[in-house]
Amino acid sequence: QVQFVESGGGLVQAGGSLRLSCAASGSTFSGLGMGWYRQAPGKQRDLVAGISRFGRINYADAVKGRFTISRDNAKNTVYLQMNSLKPEDTATYYCNTGPYEATSAWGQGTQVTVSS
(Lines give C-alpha, C1' and ligand atoms only; values in the text may rest on other atoms or scores of the structure.)
Protein backbone atom coordinates (compact mmCIF):
# COMPACT_ATOMS: atom_id res chain seq x y z
CA GLN A 1 0.00 0.00 0.00
CA VAL A 2 1.20 3.50 -0.74
CA GLN A 3 2.39 5.68 2.16
CA PHE A 4 2.53 9.46 2.32
CA VAL A 5 4.67 11.97 4.19
CA GLU A 6 3.47 15.57 4.10
CA SER A 7 5.59 18.62 4.87
CA GLY A 8 5.76 22.35 4.38
CA GLY A 9 3.03 23.60 6.67
CA GLY A 10 3.41 26.43 9.11
CA LEU A 11 2.08 29.69 10.45
CA VAL A 12 1.56 32.47 7.92
CA GLN A 13 -0.28 35.77 7.85
CA ALA A 14 -3.33 36.24 5.68
CA GLY A 15 -2.28 36.96 2.11
CA GLY A 16 0.87 34.92 2.45
CA SER A 17 1.99 31.77 0.68
CA LEU A 18 3.10 28.25 1.53
CA ARG A 19 4.21 25.30 -0.54
CA LEU A 20 3.29 21.85 0.69
CA SER A 21 5.06 18.68 -0.39
CA CYS A 22 3.99 15.07 -0.20
CA ALA A 23 6.43 12.23 -0.73
CA ALA A 24 4.84 8.93 -1.68
CA SER A 25 6.32 5.46 -1.39
CA GLY A 26 5.24 1.86 -1.73
CA SER A 27 3.60 2.01 -5.13
CA THR A 28 4.19 3.13 -8.68
CA PHE A 29 3.65 6.83 -8.20
CA SER A 30 3.34 7.72 -11.86
CA GLY A 31 0.33 5.41 -12.13
CA LEU A 32 -1.56 7.09 -9.32
CA GLY A 33 -3.98 9.94 -9.31
CA MET A 34 -3.17 12.14 -6.33
CA GLY A 35 -5.04 14.61 -4.19
CA TRP A 36 -4.64 17.12 -1.40
CA TYR A 37 -7.26 17.14 1.33
CA ARG A 38 -7.75 19.25 4.42
CA GLN A 39 -9.54 18.98 7.72
CA ALA A 40 -10.29 21.86 10.03
CA PRO A 41 -11.15 21.23 13.71
CA GLY A 42 -14.69 19.94 14.04
CA LYS A 43 -15.17 19.57 10.31
CA GLN A 44 -14.97 16.73 7.85
CA ARG A 45 -11.97 16.14 5.64
CA ASP A 46 -12.53 17.58 2.19
CA LEU A 47 -10.78 17.42 -1.15
CA VAL A 48 -8.82 20.57 -1.96
CA ALA A 49 -7.18 19.66 -5.26
CA GLY A 50 -6.56 16.59 -7.38
CA ILE A 51 -4.29 15.65 -10.24
CA SER A 52 -4.78 12.55 -12.36
CA ARG A 53 -1.97 10.32 -13.56
CA PHE A 54 -2.41 12.05 -16.92
CA GLY A 55 -2.07 15.51 -15.37
CA ARG A 56 -5.73 16.51 -15.41
CA ILE A 57 -6.40 18.86 -12.48
CA ASN A 58 -9.42 19.73 -10.40
CA TYR A 59 -9.88 22.18 -7.51
CA ALA A 60 -12.43 22.85 -4.84
CA ASP A 61 -14.27 26.08 -5.53
CA ALA A 62 -12.90 27.63 -2.33
CA VAL A 63 -9.30 27.48 -3.58
CA LYS A 64 -9.63 28.02 -7.32
CA GLY A 65 -7.28 30.74 -8.52
CA ARG A 66 -5.22 30.64 -5.30
CA PHE A 67 -3.88 27.08 -5.03
CA THR A 68 -1.92 25.10 -7.61
CA ILE A 69 -1.35 21.36 -7.50
CA SER A 70 1.54 19.78 -9.37
CA ARG A 71 3.49 16.55 -9.39
CA ASP A 72 7.01 15.37 -10.08
CA ASN A 73 6.94 11.69 -10.98
CA ALA A 74 10.73 11.46 -10.91
CA LYS A 75 10.65 12.43 -7.23
CA ASN A 76 7.45 10.59 -6.31
CA THR A 77 6.19 13.90 -4.95
CA VAL A 78 3.05 15.98 -5.26
CA TYR A 79 3.00 19.68 -4.35
CA LEU A 80 0.41 22.23 -3.35
CA GLN A 81 1.35 25.87 -3.87
CA MET A 82 -0.96 28.01 -1.78
CA ASN A 83 -1.13 31.74 -2.42
CA SER A 84 -3.35 34.50 -1.04
CA LEU A 85 -4.01 32.42 2.04
CA LYS A 86 -7.05 33.19 4.16
CA PRO A 87 -7.81 32.37 7.81
CA GLU A 88 -10.43 29.91 6.58
CA ASP A 89 -7.64 27.89 4.94
CA THR A 90 -6.43 26.95 8.42
CA ALA A 91 -6.49 23.15 8.64
CA THR A 92 -4.40 20.02 8.66
CA TYR A 93 -3.50 19.19 5.08
CA TYR A 94 -3.11 15.61 3.88
CA CYS A 95 -2.27 13.98 0.62
CA ASN A 96 -3.67 10.68 -0.58
CA THR A 97 -4.72 9.07 -3.80
CA GLY A 98 -7.01 11.09 -6.04
CA PRO A 99 -7.97 12.98 -8.01
CA TYR A 100 -11.39 12.74 -6.39
CA GLU A 101 -11.25 10.03 -3.73
CA ALA A 102 -8.76 8.89 -1.13
CA THR A 103 -8.22 5.14 -1.02
CA SER A 104 -5.10 4.67 1.13
CA ALA A 105 -4.28 5.11 4.77
CA TRP A 106 -3.80 8.69 5.89
CA GLY A 107 -0.43 10.09 6.86
CA GLN A 108 0.28 12.53 9.67
CA GLY A 109 -0.62 15.56 7.64
CA THR A 110 0.91 19.02 7.91
CA GLN A 111 -0.65 21.88 9.84
CA VAL A 112 -1.37 25.15 8.10
CA THR A 113 -2.39 28.10 10.27
CA VAL A 114 -3.31 31.43 8.69
CA SER A 115 -3.54 34.39 11.03
CA SER A 116 -5.73 37.38 10.31
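May I ask you to list the aspartates and glutamates whose Cα is less than 15 Å away from that of LYS75, ignoring any residue fewer than eight positions away on the same chain?
Straight-line reach from LYS75, under 15 Å: GLU6.
Non-local amide H neighbours of GLY10 (under 5 Å, H modeled in plane, Pro and chain starts lacking H): which ones?
The answer is VAL112, THR113.
Assuming 0.36 nm per residue, please report the length gained on full extension of the stretch SER52 to LEU11 beyond their Cα-Cα distance.
Value of the extension gain: 11.8 nm.
If exposed means no more than 11 neighbouring beta carbons inside 10 Å and the site is in a DSSP loop, what's the longest run of the chain without any exposed trypsin sites (Lys or Arg not before Pro)?
Counting at most 11 other Cβ atoms within 10 Å as exposed, the longest clean stretch of the chain is 65-116.
Of TYR93, TYR79, THR103, whose Cα points farthest to the positive end of the dipole of the range 18-113 (charges on the beta-carbon: +1 Lys, Arg; -1 Asp, Glu; origin at the Cα centre)?
Checked the options; the winner is TYR79.
At a temperature of 37 °C and a viscosity of 0.692 mPa s, determine how fast the range 1-58 diffuses translationally according to Stokes-Einstein, using the Kirkwood radius over alpha-carbon pairs as Rh; express D in µm²/s, rounded to the nearest whole number.
Answer from the Stokes-Einstein relation: 247 µm²/s.
Counting only protein chains, not ligands or nucleic acids, how are ASP46, ASP61, ASP89, ASP72 ordered by accessible area (probe 1.4 Å), most first? Present the calculation step by step, with values, prior to reporting the outcome.
Values: ASP46 70, ASP61 125, ASP89 0, ASP72 45 Å².
From most accessible down to least: ASP61, ASP46, ASP72, ASP89.
Using the basic label-point model (7 angstrom from Cα toward the beta carbon), what is the TYR100 to ALA74 distance in nanometres?
The two pseudo-label positions are separated by 3.2 nm.
Which of these, GLN44, GLN81, GLN13, has the largest mean-square fluctuation under a Gaussian network model of the chain (Cα springs below 10 Å)?
So, out of GLN44, GLN81, GLN13, the one fluctuating most is GLN44.
May I ask you to evaluate 6.51 cos²θ - 1.76 cosθ + 1.60, the Karplus curve with θ = phi - 60°, for each residue of the range 79-86 and list the ³J(HN,Hα) values in order in whole Hz, giving x for glycine and proline?
These are the phi-based 3J(HN,Hα) values: 10, 9, 8, 10, 10, 6, 5, 10 Hz.
I'm a student and want to see the number: the projected area of the Cα convex hull of the range 62-116, averaged over all directions, in nm².
4.5 nm²
Taking N as the number of residues in the chain, what is its alpha-carbon radius of gyration divided by 2.2 N^0.38 Å?
0.97
Using only alpha carbon pairs under 8 Å that are at least six residues apart, calculate the relative contact order of the chain and give it in whole percent. Don't jump to the answer; show the numbers that get you there.
Working: 294 pairs, mean separation 43.3, N = 116.
This gives 37 percent for the chain.
So if I place +1 on the C-beta of Lys and Arg and -1 on the C-beta of Asp and Glu, and nothing else carries charge, what would the dipole magnitude of the chain be about its Cα centre? I want it in debye, nearest 20.
Numbers: 11 positive and 7 negative charges, 34 e Å.
Taking the Cα centre of the chain as origin, the dipole is about 160 debye.
What part of the accessible area of the chain, given as a whole %, is carbon or sulfur when the probe is 1.4 angstrom?
46 percent
Just the number please: accessible area per residue for the range 32-115, 1.4 Å probe, all protein chains included, in Å².
Heavy-atom SASA per residue in the range 32-115 reads 50 Å².
Measuring from a point 7 Å past the Cα of SER84 along Cα-to-C-beta, which residues in the range 41-60 have an amide N at less than 18 Å?
Only 48-49, 58-60 fall inside the zone, counting backbone N under 18 Å.
The values are calculated or read from the model by the stated rules, or taken from the named source; none is laboratory data. Keep in mind that this is a model prediction, so the values were computed, not measured. A quick note on method: Cβ atoms are made from the backbone with ideal geometry, for glycine too, and the neighbour counts reach across all protein chains shown. Surface accessibility is based on the protein's heavy atoms, side chains included, excluding ligands, DNA and RNA. Shrake-Rupley method; radii C 1.70, N 1.55, O 1.52, S 1.80 Å.
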